[in-house]
1. Identify, please: which residue in the stretch B:46-62 is crowded, with 22+ Cβ neighbours inside 10 Å and assigned to a loop (DSSP other than H, G, I, E, B) and is, among those, farthest from the other protein chains (Cβ to nearest Cβ)?
2. Do the conditions hold for A:Leu201, that is, is it under 16 Å from the mean Cα position of the chain (by Cα), outside the structural domain of A:Ala138 (by TED's automatic domain parsing) and modelled with pLDDT of 95 or more?
3. Hey, among A:Gly147, A:Gly127, which residue is within 17 Å of B:Gly71 (Cβ to Cβ) and surrounded by fewer than 20 Cβ atoms within 10 Å (Cβ to Cβ)?
4. Do you know which of the residues in the stretch A:63-120 that are in a loop (DSSP other than H, G, I, E, B) and either under 27 Å from A:Ala136 (Cβ atoms) or in contact with a helix residue (DSSP H, G or I) (Cβ under 7 Å, 6 or more places away or on another chain) (or both) is farthest from the other protein chains (Cβ to nearest Cβ)?
5. Name the pairs whose Cβ atoms lie under 6 Å apart, with the first residue in the stretch B:73-92 and within 21 Å of A:Lys82 (Cβ to Cβ), the second of a type in the set (Asp, Glu), and 6 or more positions between them or separate chains?
6. For B:Asp207, only one of the following conditions fails: (1) surrounded by 12 or more Cβ atoms within 10 Å (Cβ to Cβ); (2) over 17 Å from B:Gly84 (Cβ atoms). What is its number?
7. Consider A:Val165 carefully, then state whether it is assigned to a helix (DSSP H, G or I), in contact with an Asp or Glu (Cβ under 8 Å, 6 or more places away or on another chain) and aliphatic (A, V, I, L, M).
8. Kindly list, by first and then second residue, each pair from a residue in the stretch B:140-159 that is basic (Lys, Arg) to a residue that is part of a loop (DSSP other than H, G, I, E, B), limited to pairs with Cβ atoms under 8 Å and residues at least 6 apart or on different chains.
There are 2 protein chains.
Amino acid sequence: MGSAMLKLYNRERSGNCYKVRLMLSLLGLEYEKVPVDRQGKGRNNPPPDFGKLSPLRQVPVLIADGRPYWGTIAILVYLARKHGGTGWLPNDAEGEAEVTQWLSFGQNEIFYGLGRARSMRAKRWHGYGTLEEAHAIAAHALGVLEGRVAEHDWLALERPTIADVACYSYTVFAPEGGISLKSYPAVRAWLERIQALPRYLPTPPYDGAGGPLVE
Amino acid sequence: MGSAMLKLYNRERSGNCYKVRLMLSLLGLEYEKVPVDRQGKGRNNPPPDFGKLSPLRQVPVLIADGRPYWGTIAILVYLARKHGGTGWLPNDAEGEAEVTQWLSFGQNEIFYGLGRARSMRAKRWHGYGTLEEAHAIAAHALGVLEGRVAEHDWLALERPTIADVACYSYTVFAPEGGISLKSYPAVRAWLERIQALPRYLPTPPYDGAGGPLVE
């Protein structure tokens, strides 16, 4: 099956869509992008039958060989398992569990802290919570992350895996969410290691919606 | 490697610990339980060095062959991969992605809705948010779940997988969180299918901390 059969329902500024685009780039895969507006913003986008692709009606959705996959982590698992050998996602119990620990961390502490802060500050958050809550969770997440990458170059298995891809996205966007990374030197060095990977895909340029970047 | 080498840092009423105990039971594995008090409640528990086992200092933590695994999903992945063949967690990209979609759903919509509601109602929630928020997220989650199990016996792959184990726990506890399952007949039938699995482990009896059960 050629990678030309990959199609991504995508929103450029979504941190979860960026994770998938980064993974596609790191794997050297070609794909077609289908732009999707924010939920509820109309303009015939998402398409009326989007609920058939994703019961949560959220991007990203990846179509591979005609079949839809929703959920960012599931899509990363699919791409790594299908196209990445065992490098990005091992298939032994011990290694897969070590990677999965950090996939969950990226979806919980990092998303509910740093991800929400970025969306809230840009007035693009339609869920629950306050910016203060998000900043408190972000500080906790960054402390845990700093502790890990101060002692290891990568989050799991001493090599880049989908765990790094999953946690990179909202961490690198911290300044857009009003969060400084100055006190987290090991996190900044880890971000630079990811940026130095072959076929790294740069983040979308900041659109200024959340006000001045916090350095 | 014998399963006698498994040790679970556990709190009986934690829905995440119950997921792991349920999985251990379904796989017929023996293990040792180490009781851990709630964070911050002292009594020398969690032990002072618990942070070495889990950077988030949360239960469950599984010790397998002397190595700690934290994160409920990671522990389910470990157990299924190590002891469950490919029945509970397939190793093809398509199947693993389909299971992973629902693992994320269990950790996000179900936990932040139904899981938080249960803890909040019992005054055991030390995180952010309100009971009203949790109930709104729970209603959304149950709608998505009802849609899925109305058309399929199991969440993924037309057979029981760790996806069902991951989503079962906080859903079956809905009445403790003040959430009625009356309007979700397909969800109730799915819960009963899980309860009929060989070696099913019953939920811990309700301690009444959240007030009357909502039927």
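The values are calculated or read from the model by the stated rules, or taken from the named source; none is laboratory data. Since the model is a prediction, treat every value here as computed from it, not as a measurement. Neighbour counts run over all protein chains shown; Cβ positions are idealised from the backbone, glycine included.
1. Taking the candidates together, the pick is B:Pro46.
2. Details: under 16 Å from the mean Cα position of the chain (by Cα): yes; outside the structural domain of A:Ala138 (by TED's automatic domain parsing): yes; modelled with pLDDT of 95 or more: yes.
When the stated conditions are applied, A:Leu201 passes them.
3. Unique residue meeting the criteria: A:Gly147.
4. From the stretch A:63-120, those in a loop (DSSP other than H, G, I, E, B) are A:65-66, A:71, A:84-92; that's our starting set.
Next, only the ones that are either under 27 Å from A:Ala136 (Cβ atoms) or in contact with a helix residue (DSSP H, G or I) (Cβ under 7 Å, 6 or more places away or on another chain) (or both) stay: A:65, A:71, A:88-90.
Numbers: A:Asp65: 8, A:Gly71: 4, A:Trp88: 12, A:Leu89: 9, A:Pro90: 10 Å.
Per the stated criteria, the residue is A:Trp88.
5. Qualifying pairs under 6 Å: B:Val77/A:Glu96; B:Arg81/A:Glu96; B:Pro90/B:Glu96.
6. (1)
7. Working: assigned to a helix (DSSP H, G or I): yes; in contact with an Asp or Glu (Cβ under 8 Å, 6 or more places away or on another chain): no; aliphatic (A, V, I, L, M): yes.
No, not satisfied.
8. Close Cβ pairs satisfying both conditions: B:Arg148/A:Pro55; B:Arg148/B:Leu155; B:Arg159/B:Gly87.
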